[in-house]
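Since every read-out is calculated from the coordinates, none of them should be taken as a lab result. Just so you know, these numbers come straight off a predicted model, no measurement behind them. Here the Cβ positions follow ideal geometry from the backbone for every residue, glycine too, while neighbour counts run over all protein chains shown.
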Amino acid sequence: MMSQPAPPEPRDRFLGCLLGGALGDALGAPLEFLRLADIRQSFGPEGLRHLAPAYGRRGAITDDTQMTLFTAEGLVEAWDRGSARGVQDVVGTVHLAYLRWLKTQGETSAHPAFDPTASDGLAGIPDLNAWRAPGGTCLSALKSASVGSRRAPLNDSRGCGGLMRIAPVGLAFAEAFELGCDIAALTHGAPGGYLAAGCFAQIIADVCRGADLKAAIAHARDLLAAEPGHGRTLSAIESAVALSAAGDPSAARLETLGEGWVAEEALAIALYCALVARDWADGVVLAANHSGDSDSTGSLTGNLLGALWGQQALPAGWIADLELREVIADLAQALYDRYWQGPKTSPPKGAGEE
């Protein structure tokens, strides 16, 4: 009997999650906004199966990875501030990181903490000051003088912009649902916009700590069921799980879950692709080749399968072409160095306050 491969080490899961998400984002970047028929006409009947040029280069990331990196930077900064001062306002510190991202996109904010000269950390990297089709909801929310929260939403958006950036929360915290919701609610005020993010953060947390994917989904579903306004998100998760058991994975089946522009649809697509994936590339290729938000669904699937199977599951040739791969790996290492304490790690008291 063949022995099963050893589970990935936690550090490899951190690297696999962030690098995998960036690779899925890069695969989907040339496909975003294209219909499936157009994708197949341009790249062949099986669609795009390798990295192709977008934004002037192969392996280019989009705003999905940019904001994921700023989420990670905010979490690192929150840890460092907590260690130095004994206070750890995770949501507030991540919001400050998002304001720095806003500045890199050539925008300004009415929030009093916005610094138009910010150039520390990620904001000082020239390639991260590139415009990569940022989401309008994220931009408008971060321009506000107010900070969005579940209690005081800035809008009623269900878009996937709060979800697509949330994976680092699951890496950092074993109990990630509430904090994932709160960080997504900084910009997306409808329950569908932030509950999907909380679910994804918790699923990442559980698989990163060794849980089976189906068990991780069931746990997130249980947490979700206790939240007001959970109906659409719960239905989307249940549809993804049911579809994964139907056999014969295909783009046609995937598209019955939606196009991924709204958070619950993007979550459903990522879960479906991860559940049916034969390997990392198989799942991510399926996630990116459809009519809709291909970079976001590719990124989410890449995050999830990378956390599940580790860095060694990622195609080495793809990593070699990935924009900012060293920056991404360094942030994954920084998160691991600060937050990894094993399965009992949980957010500090007050970390998810609104």
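Miscellaneous remarks
- Entry for Cα Rg over 2.2 N^0.38 Å (calculated from the structure that is shown) out of (1) 0.96; (2) 0.90; (3) 1.08: (2)
- Using θ = phi - 60° and Karplus 6.51 cos²θ - 1.76 cosθ + 1.60, couplings along the range 162-176 (whole Hz; Gly, Pro as x): x, 6, 5, 10, 9, 3, x, 5, x, 5, 6, 10, 6, 9, 10
- For the chain: relative contact order, % (alpha-carbon pairs under 8 angstrom, 6 or more apart): 30 percent
- Amide N proximity, the range 276-302 versus THR256 label position 7 Å along Cα-to-Cβ, cut-off under 18 Å: 276-277, 286-287, 290-291
- Rg in Å to one decimal, and Dmax rounded to a whole Å, for the range 148-209 via C-alpha atoms: 10.6, 34
- Relative to the Cα centre, the charge distribution of the range 68-110, modelled as +1 at Lys and Arg Cβ and -1 at Asp and Glu Cβ, gives a dipole magnitude of about 80 debye.
- Residues HIS290, HIS95, HIS219 arranged by fewest to most Cβ contacts within 10 Å: HIS219, HIS95, HIS290
- Virtual spin-label span in nm between LYS214 and ALA320, 7 Å along Cα→Cβ: 3.8 nm
- Pairwise Cα separations in the range 60-126 fall into 5 Å bins from 0 onward with the following percentages, short to long: 4, 18, 27, 25, 17, 7, 2, 0.
- Order of MET67, MET164 under a 10 Å beta carbon neighbour criterion, fewest first: MET67, MET164
- In a simple Cβ point-charge model (Lys, Arg +1; Asp, Glu -1; nothing else charged), the range 35-146 has a dipole of about 320 debye relative to its Cα centre.
- Relative contact order (%) - the range 15-78, alpha-carbon pairs under 8 angstrom, separation at least six: 37 percent
- Among HIS290, ALA240, ALA266 - extreme Cα towards positive end, dipole of the range 218-315, charges at beta-carbon: ALA240
- Choice from PHE43, PHE70, PHE200 with maximal GNM fluctuation in the chain (Cα, 10 Å cutoff): PHE43
- Size descriptors for the range 102-181, from the alpha-carbon set: Rg then Dmax equal 13.9, 36 Å.
- Put in order of Cβ neighbour count within 10 Å, fewest first, the listed residues THR187, THR117 become THR117, THR187.
- The range 1-113 pair-distance distribution - Cα-Cα, 10 Å bins, rounded %: 12, 27, 28, 22, 9, 2, 0
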